[in-house]
Structures are given as C-alpha cells and as structure tokens.
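Taking it in order: structure first as structure tokens, then the write-up.
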Amino acid sequence: MKITFFSTQQYDKEFFIEHNKSYNYELDFLDVPLSKKTADLVADSPVICVFVNDKVDAAVMEKLAARGVKTIALRCAGFNNVDLDSARQHGIRVCRVPAYSPEAVAEHAVAMILTLNRKTHKAYNRVREQNFSLNGLLGFDLHGKTVGVIGTGLIGKSFCRIMLGFGCRVLAFDVIANKELEQMGVEYVPLVDLLPHSDIVSLHCPLNEQTHHLINCDTITMMKKGSMLINTSRGGLVDTSAIIAALKSGHLSQVGIDVYEQEEKLFFRDLSGDIIQDDLIGRLMSFQNVLITAHQGFFTREALHQIAATTFENIHALLVQDAPTQKGAILV
Ligand code: NAI
C-alpha cells in the first residue's frame, strides 16, 4: 500500500524509512506542501501523510476524495489545518500524533525564555568578536518570578513542572484544571487575573475558534507592563500587529515565537537568497528583544522517532480496524 507524504524534509524521510521496516509500505515523499494544485499528485495512494502547514480545507478534501484517498495521517499534534467536517462528509478517516514528546516543546519554550532573558545569543556573538563587555546583557532571576501558563495539557503540564523547578510561582488558565498540577502548587486563575500578575506568559493551548487572537490589543493591555510573551503553540493565537504595537510602546519587553500566523509561506525553507514579502515578520525580525525560531519546538530525536512510530501505528489501526492507538489519535 502506498502512502504519499507532503511537505517532506530530509529528516522526515530518515525517521519514516527507519520505522517502515516493520510495515513495508510503499512511501512516496513529496517536498511540496498539500494544496488544491498539488492534491492531484496522490495518484494510487489511499493514505496521505501531512504536516502543520499543509492546508486540508474543503476544496482540497474534495479533490483528495475524488482521487480515492481514504486516510489522512497528520504527523503532528495540532489539527487546526484540517476541515474535519468535510472529511466526515467524504468518509475520509483522519488521525494525528497526540503525544510524541511534550517535553520537546516545553523545553524549547524554556530555552526561548532563557535566551531572551540572559541574551546568550548576543553573548556568543560578542565573545567571538573579542567583545567581553557586559553592557546590554542584563537579565533577571527567574527564581521568584510569576509565570502564567495558558493551556495545561501535555505540553503546558511539562512546562509548568520545569518552571516550578526554577522556583517560579506558576499561574494557569485552562478550561479544565489539572489536579496533579494543583497539588504541585500551580494556581488556576481566570485569564483576567493571570495576565496582570504574570512576568512571563506562555501559550500552550490549541488554536480554535475560541482561542484565535486570544492575545490581542485588549488582552495585551491587561498584561503586566514589561512582561515577556512566549508562543510555541500556534501563530493564530496572537494578533501579530498588536504584538508589534506593544513592543514599540514597551508594554511587552520581550517576545519569543516558534510559530507565526503566516508561517506556511516561510517556515521549513531556506529563503536566505530571497526578498521576504511579509512585512509583519520583517518588522518582528527587526526588534532586538524578539526571538523567532521556525517551528522547531518538536524537533528532537526522541520526538521524531515517536512521530514516525505513532503515525504508522495509526495508519495500521485504521487499516486493520480496532487495533489500539494512543488516546485521541483518531479524529474522524
Ligand atoms: P493538549 O490537547 O494536551 O493540551 C491543550 C490544553 O489546552 C488542554 O488542557 C485544553 O483543555 C486547553 N485548552 C483548550 N482550549 C482552551 C482555551 N480556550 N483556553 C485555555 N486552555 C484551553 O495539547 P498539547 O499536546 O499540550 O499541545 C498544545 C499545542 O501545542 C498544540 O495544539 C499545538 O498547537 C502546539 N504544538 C506546537 C509544537 C511546536 O513544535 N511548536 C509541537 C506540538 C504541538
């Protein structure tokens, strides 16, 4: 049976080829993203495998159904890019990898905080230039600071544990409170209380209708003046224009993003020889107190092994029916 992969990178090939030794599927790796134009490339593939920026909207779903696609396997956790209603209408099954390494993303969020705070990226370049001055590198102790966590699922929970380890007070906002975290000292509060009391706010909730532009002009106004914002979840959670205004006014002192609302035109590619047409990211890149990484939170060896293993387990389960899968892996 053939599986067509969209948006494939070299590292995807390595890990999927390794794990395919137990399955022997025919793997067709395409580097193009899935779109209405490229959907026709799925010839003879009942299963396709897609990633975060492959848009599987109603129009694409219709084309896939016409081409005989029966299963869409997401090799990621978030599924905001897939029209699930449309999949149901066409009888297409959809699965994802709900948990591969929550620690990978949580640790990346922490890396962003430490880099922005202690400016290790600047220190590294300075010392290479024989500049041993400390001016401009002043940071703050994380110990004793208040960290606000929005979304305490798998990644948020791991992030809370790490911040508690640093000696931070951790405030959390989620639609469901996690008892285990409460016992560890995490305090669940409404969003309106979390924002003004947090020195650092980190986003770990999914992107959906309720959370789209959760961080906007109004909510930024509620945030503590001079606070830090970290987004390793999905770009659409924040209104980028509002972030830029808050950086210009100094209301936000530091911003770290691993995701960006229009990232599909930029991330996972080498555009070093191109002129970037996106003025919003251009402006963000110009701030010395903004750290942008290109959706690499998931990018650890352990996570890539788990992603490949779970994706094949999901596909196998849907083919042979009723085989066990991770909780929440089968969406449709
Ligand atoms: P999860 O499903 O385990 O946790 C999400 C949490 O958000 C749940 O506790 C849920 O109750 C909460 N939530 C839902 N709606 C909410 C709302 N309106 N307000 C506050 N909380 C809300 O998901 P997990 O695995 O922790 O992943 C979180 C997100 O991280 C994913 O949806 C994905 O967008 C992003 N992600 C980013 C990666 C990266 O490489 N940067 C990699 C993997 C995931």
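The values are calculated or read from the model by the stated rules, or taken from the named source; none is laboratory data. In this text the structure is predicted, and so the values were computed from the model without any measurement. A quick note on method: Cβ atoms are made from the backbone with ideal geometry, for glycine too, and the neighbour counts reach across all protein chains shown. To get the accessible areas, we keep the full protein, side chains included, count just its heavy atoms, and leave off ligands, DNA and RNA. Shrake-Rupley method; radii C 1.70, N 1.55, O 1.52, S 1.80 Å.
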Review point. Are there any helices (runs of 4 or more DSSP H) wholly within segment 1-101 with 3 or more residues that are under 22 Å from F312 (Cβ atoms) and open to solvent by 30 Å² or more (accessible area, probe 1.4 Å), and if so which?
Key: 10-19
Check your understanding: What is the one condition in (1) in contact with a helix residue (DSSP H, G or I) (Cβ under 6 Å, 6 or more places away or on another chain); (2) more than 9 Å from the ligand (Cβ to nearest atom); (3) assigned to a loop (DSSP other than H, G, I, E, B) that N131 does not satisfy?
Key -> (1)
Check your understanding: Is it the case that E313 is more than 16 Å from the ligand (Cβ to nearest atom), among the acidic types (D, E), open to solvent by less than 80 Å² (accessible area, probe 1.4 Å) and touching a residue at least 12 places away in the same chain (Cβ under 8 Å)?
Key -> yes
Point to revise | Residue within segment 276-293 that is touching a helix residue (DSSP H, G or I) at 6+ places or on another chain (Cβ under 6 Å), in a loop (DSSP other than H, G, I, E, B), surrounded by 14 or more Cβ atoms within 10 Å (Cβ to Cβ) and among the β-branched types (V, I, T) present | key: no
Revision key, fill the gap. If we ask which residues in segment 102-128 are open to solvent by 50 Å² or more (accessible area, probe 1.4 Å) and within 16 Å of the ligand (Cβ to nearest atom), their number turns out to be 2
**Study point:** Selected residue [within 14 Å of the ligand (Cβ to nearest atom), touching a residue at least 60 places away in the same chain (Cβ under 8 Å) and over 19 Å from N216 (Cα atoms)] from I155, I176, I150
**Key:** I155
Study note, to complete from the structure: S249 passes all but one of the listed conditions (1) without any contact (Cβ under 8 Å) to a residue 24 or more places away in the chain; (2) within 28 Å of F51 (Cβ to Cβ); the exception is number (2)
